[in-house]
Amino acid sequence: MTTAPFARAVTAYGIEHVAGGMDMLAAFELAHAGPAARKAPGFRPERVSKVFGSILPRSYAADLAPIIVDRKPDLVVHELANPGAGLAAKVAGVPAVCHSFGRRWRPTGPPDVLRGHLAEVAANLGVDLPDGDLMPLGNPYLDICPPSVQDPEFPVRPTDTIPLRPVPFSEPGELPPWVREHREPLVYLTLGTAFGDAGVLRTAIAGLATLDAKVLVSTGPSVAVGALGDVPDNVVVRPWLPQADLLPHVDLVVHHGGAGATMGTFATGVPHLVLPQGADQFGNAEVVTAAGLGDQVLAAEMTAEVIATKARRLLTDEAVLAATKAMADEVAAMPSPHDVAHMLPDYA
């Protein structure tokens, strides 16, 4: 069960999709009582607590409850930021497992505010909240974050933490035919699906185009290709690319620091240049930089020259390349999704 826009991504793999829950931006609009921006002030801490502690949990718990009654599942797997699904499982007495989407995530804002919201939802459903970290709801935790870059405050307990290799994912699609045979370095530029910004993309393109490299840009659904204007000959712009298929062929990923792009790039051993735009992206950018896996460019220093200088270094820096190779090896040593999937019945 996911919101309707995810249907194609699920059904493309032969999995049945049931529409349910509320879109995150719609939830922020409800909390904001008006259109919600993807960046501040639409995502202020108090609104984050209300959205993830009250609005979304109520929506998902209500929509999932009849599905559990009808399908009678033996196990519910709920995403870390979706405790509503976990609460619906508690109401039905069905075991649940929490699935991470990146590093251990805690919503911004005072934790007692979030707990207050979620406790009210749980009380309305007739279930209790566990002590400790709220979002997993005390359920076993599928952790896709490589241990070396996990939050050091995250208490790893072998009895309830299940390592799971992060694997890049995207809907099936075709790559430009030259990608697999390119000779010059290939730089991939994306700001993801939700945080696209034409101005940031234009600045990044202007800087990356000065490299002796091919630049492949995915604008995402929030930026029209035409909004970028004419681009240099070594830059190719597409509205969408099958990122999972593309990553193994690139030499540098310039991205927004979203969990999917960050974890996917960890798996393929490629340097990152992170241009964080909002949400958890600033934390991911800091982790990438601190681990020696790449660099970041914040809004205050966002110029074509800065991006070009940092990208040029990352393409040739031996220490960074060694660190990204070591990260890829660390990820490869984690249990595969295939193996973990076969373990899940043990938790039912």
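If neighbour count is taken as other Cβ atoms inside 10 Å, put 105, 240 in order from fewest to most.
Fewest-to-most ranking of 105, 240: 240, 105.
Give the lysines reachable from residue 325 as a straight Cα distance under 28 Å; neighbours fewer than 8 places away on the same chain don't count.
Result set, ordered by chain and number: 214, 310.
What is the Rg over Rh value, at two decimals, for the chain, using alpha-carbon atoms and the Kirkwood definition of Rh?
With Rh from the inverse mean 1/r over Cα pairs, Rg/Rh is 0.97.
Rg(Cα) of region 193-348 divided by 2.2 N^0.38 Å?
So the Cα radius of gyration is 1.10 times the expected 2.2 N^0.38 Å.
If you place +1 on the Cβ of every Lys and Arg and -1 on the Cβ of every Asp and Glu, how big does the dipole about the Cα centre of the chain come out, in debye to the nearest 20?
Dipole of the chain, to the nearest 20 debye: 440 debye.
Which far-off residues, 5 or more places away or on another chain, put their amide H under 5 Å from the one on residue 237, with H placed in the peptide plane?
Under 5 Å from the amide H of residue 237: 217.
Taking +1 at the Cβ of each Lys and Arg and -1 at the Cβ of each Asp and Glu, which of 130, 166, 187 sits farthest along the dipole of region 111-187 towards its positive end, judged by Cα position relative to the Cα centre?
187
Could you please rank 28, 266, 101, placing first whichever residue has the fewest other Cβ atoms within 10 Å of its Cβ?
101, 28, 266
Taking the chain as the reference, fit the longest principal axis to its C-alpha atoms, fit the long axis of helix 318-332 to the helix C-alpha atoms, and give the angle between the two in degrees, 0 to 90, nearest 10.
Helix 318-332 sits roughly 30 degrees off the main axis of the chain.
Please list, in order along region 261-269, the HN-Hα scalar couplings obtained from phi with the Karplus expression 6.51 cos²θ - 1.76 cosθ + 1.60 (θ = phi - 60°), rounded to whole Hz, x for Gly and Pro.
5, 5, 5, x, 6, 3, 5, 9, x
Considering amide H positions built from the backbone, and no H for Pro or chain starts, which residues 5 or more places from residue 252, or on another chain, come under 5 Å of its amide H?
186, 188
To the nearest whole percent, what portion of all C-alpha pairs in region 4-139 is separated by more than 24 angstrom?
Everything past 24 Å amounts to 29 percent.
May I ask which residue of 333, 25, 348 lies farthest towards the positive end of the charge dipole of the chain, with charges of +1 (Lys, Arg) and -1 (Asp, Glu) on Cβ and the Cα centre as origin?
The listed residue farthest towards the positive side: 25.
Excluding residue 306 itself, calculate the net charge of residues whose Cβ lies under 15 Å from the Cβ of residue 306, where each Lys or Arg counts +1 and each Asp or Glu counts -1.
+1
No lab work stands behind these numbers, since they all come straight from the coordinates. Keep in mind that what you see is a predicted model, and the values were worked out from it rather than measured. So basically every Cβ, Gly included, is an ideal-geometry build from the backbone, and we count neighbours across all protein chains shown.
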